[in-house]
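Notes for the one structure printed next.
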Amino acid sequence: MIGFLRGVALFFGAMFLQWWWNTHFAYWGAAPQFLLVLTILLAARRGPVLGMLAGFGWGLYLDVARAELFGASALILTLAAYIVGVVRRQIDLRAAGPLAAMTFLFTWGGFVLLGLLGLTFTKSFEWSGWIAVLATPFLNVIAATIAALLWDAREER
């Protein structure tokens, strides 16, 4: 029961953190994508099914908050969790380097996939801007490293 309550607190706390950070600290569209980072971390630590469930829920939250291309964020986060869950069998994602590289690649991949989904469904490439595309992967790597350290410290107790 305590694990379930921690999971619910993580789920809603992450959504609050994403909203709060983007409201107060996003400059020129660049801010860490905490929900993507936590989806990757959850899939790497707990497996693809739990990561996909959380990623889908967080993606729906992002879709409602942005309301430009509904369903795109849910699809992107669900695919990210699935791929990370499959890849974790071949790559040790508990190490900081592979987790950072995976987060970096999935951030850029998410930007490209969002743009392609926009091109497919709205006939225009959904572009976040150069500053966001160039800065966000590095911000996500920092967030993933901190989140992994906190996750691992909590599990060691």
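The values are calculated or read from the model by the stated rules, or taken from the named source; none is laboratory data. Here the structure is a predicted model, which means the values were calculated and not measured. Positions of Cβ are generated from backbone atoms using ideal geometry, with glycine treated the same way; all protein chains shown enter the neighbour counts.
Annotations for the structure displayed:
- Members of segment 18-39 that are surrounded by fewer than 16 Cβ atoms within 10 Å (Cβ to Cβ), over 21 Å from residue 71 (Cβ atoms) and either at pLDDT 90 or above or among the hydroxyl-bearing types (Ser, Thr, Tyr) (or both): 20, 23, 27
- The residues listed here are 69, 77, 42; of these, the one that is in contact with a Phe, Trp or Tyr (Cβ under 7 Å, 6 or more places away or on another chain), buried (at least 23 other Cβ atoms within 10 Å of the Cβ) and not aromatic (Phe, Trp, Tyr) is 77.
- Within segment 129-157, tally of residues that are aliphatic (A, V, I, L, M) and buried (at least 16 other Cβ atoms within 10 Å of the Cβ): 9
- Here residue 138 qualifies as among the aromatic types (Phe, Trp, Tyr), assigned to a helix (DSSP H, G or I) and either modelled with pLDDT of 90 or more or more than 18 Å from residue 42 (Cβ to Cβ) (or both).
- Residue selected from segment 116-128 under the condition surrounded by 13 or more Cβ atoms within 10 Å (Cβ to Cβ) and small (Gly, Ala, Ser), by the criterion modelled with the highest pLDDT: 118
- Per-region count, segment 40-86, residues modelled with pLDDT of 95 or more and of a type in the set (S, T, N, Q): 1
- Residues that are in a loop (DSSP other than H, G, I, E, B) and touching a residue at least 12 places away in the same chain (Cβ under 8 Å) within segment 72-102 comprise 88, 93, 94, listed in sequence order.
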